[in-house]
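**Student:** Quick one: this structure, given as structure tokens, is what I'll be asking you about.
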Amino acid sequence: MRRLHPHPADRITVAEAYGVPRPRPSHRPWVGVCMVSSLDGSTVVEDTSRALSSPADTAVLLGLRQLADLIVVGAATVRMEGYGAPSKAGQRIGIVSRRGDGLDFTAELFTSGAGFLIVPEDAPDLPVETVRAGTGAVDLPGAFAQLDAYFVQCEGGAVLNAAMAAADLIDELNLTVSPVISGGAGPRLTAGAPDVLHRMDLAHLCEDDGFLFTRYVRRRG
């Protein structure tokens, strides 16, 4: 890929682009959201993001996973995208769910010991490790304060992104803009979020084969 901003460069690696300092807040991990969307804003085509992606987009996702200590993802995304055990040794994946319904606890994600659930306090007993916060719905700030990590990467879907935005937990947004108009009724990046206005600053802009790779970080102060 090539970097357009800052300091234009004809060739830059994913590690060079994304291997940057991330100042961890005092009370929780640094939280990055990694997503891909179409030009008209959809995050899925036929229920998955695969049709929106590219080899470079996949490289960015995998590169960020290598940098992250922990992955957090919504239960519906785990089911639709077919999450397995992470390739990074010792990395774990936290799945956000209200009750843990519809998850296959015999899948490799769980049998490997990598998968655990982030659920409300009043969720039923579950056959895997849980982090619990909130009643009726997950209290995301309370849950993230319990995570033993420096950098957490959140990978959607849109409903989880909406809850993250509402809780003002997004320190970094790594958004790939796919050069397609997808139409349809696919969810947008923060589907269902209340009105929020969290100012982000453009940290970098890269391009490959018409795909734009943006990295925005929370404006401080």
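Derivation of every value follows stated rules applied to the coordinates shown; laboratory data play no part. No experiment lies behind these values; they were computed from the predicted model shown. Cβ sites come from the backbone with ideal geometry, for glycine too, and all protein chains shown count toward neighbours.
**Student:** To the nearest 0.05, how large is the calculated FRET efficiency for Thr135 and Thr106 if R₀ is 25 Å and r is the Cβ-Cβ distance?
**Tutor:** It comes out at approximately 0.30.
**Student:** As a test, work out the antiparallel percent of DSSP beta bridges whose residues both lie in the chain, rounded to the nearest 5.
**Tutor:** For the chain, the DSSP antiparallel bridge percentage is about 45.
**Student:** While we're here: Per DSSP helix of 4 or more residues, -39500 (n - 2.57); summed, then divided by the residues of the chain. What does that give at 222 nm, rounded to the nearest 500?
**Tutor:** Values: 6 runs with 43 residues, N = 221.
That calculation yields -5000 deg cm²/dmol at 222 nm.
**Student:** Same structure, new question: What does the net charge come to around Asp139 if you take all other residues with beta carbon closer than 14 Å to its beta carbon, with K and R at +1 and D and E at -1?
**Tutor:** Around Asp139, the surrounding residues sum to 0.
**Student:** Report the net charge of residues surrounding Asp69, where surrounding means a beta-carbon distance below 12 angstrom and charges are Lys +1, Arg +1, Asp -1, Glu -1. Write out the running numbers ahead of the final one.
**Tutor:** Values: positive: Arg22, Arg24, Arg65, Lys88, Arg92; negative: Asp148.
Neighbourhood net charge equals +4.
**Student:** Based on Cα coordinates alone, diagonalise the gyration tensor for segment 28-139, multiply each eigenvalue by 5, take square roots, and list the semi-axes in whole Å, largest first.
**Tutor:** Here the semi-axes work out to 25, 17, 14 Å.
**Student:** Also: Is the C-alpha gyration tensor of segment 9-52 telling us rounded, prolate or oblate? Criteria: a/c under 1.5 is rounded; beyond that, a/b larger than b/c is prolate, otherwise oblate.
**Tutor:** oblate
**Student:** Taking 0.36 nm per residue of separation and subtracting the Cα-Cα distance, what length does fully extending Glu207 through Gln66 add?
**Tutor:** Working it through step by step, the gained length comes to 48.7 nm.
**Student:** Quick check: the angle from helix 55-67's long axis to the longest principal axis of the chain, C-alpha only, nearest 10 degrees?
**Tutor:** That works out to roughly 50 degrees.
**Student:** Given the chain, report the % of alpha carbon pairs whose separation exceeds 24 Å.
**Tutor:** Every Cα pair in the chain considered, those over 24 Å come to 42 percent.
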